[in-house]
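Shown next, in structure tokens, is the structure this report addresses.
Derivation of every value follows stated rules applied to the coordinates shown; laboratory data play no part. Here the structure is a predicted model, which is why all the values come from computation and not from measurement. Using ideal geometry, Cβ is built from the backbone for each residue, glycine included, and neighbour counts are taken over all protein chains shown.
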Amino acid sequence: MSALRVYYDGLCPLCTKEINHIKRLDTRGLMDMQDINAGSGR
């Protein structure tokens, strides 16, 4: 179970780079990263 859900813009290169960095640091899996564009058909 995630302690924190984070929504980000997956179409933004800077946002994606930062989220990937945060995912690497989140070794305990406490964050749930959600791309707001996932499933939008773009």
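One decimal place: the segment ASP26-LEU4 gains 6.8 nm when fully extended, by the rule 0.36 nm per residue minus the C-alpha distance. Based on the Stokes-Einstein relation at 37 °C and a viscosity of 0.692 mPa s, and on the Kirkwood radius from alpha carbon pairs, the chain is assigned a translational diffusion coefficient of 304 µm²/s. Counting charges near LEU4 (Lys, Arg +1; Asp, Glu -1) among other residues having Cβ under 10 Å from its Cβ returns a value of -1. Its relative contact order, with pairs defined as Cα atoms under 8 Å and 6+ residues apart, puts the chain at 56 percent. Helix 13-25 and the longest principal axis of the C-alpha atoms of the chain enclose an angle of approximately 20°.
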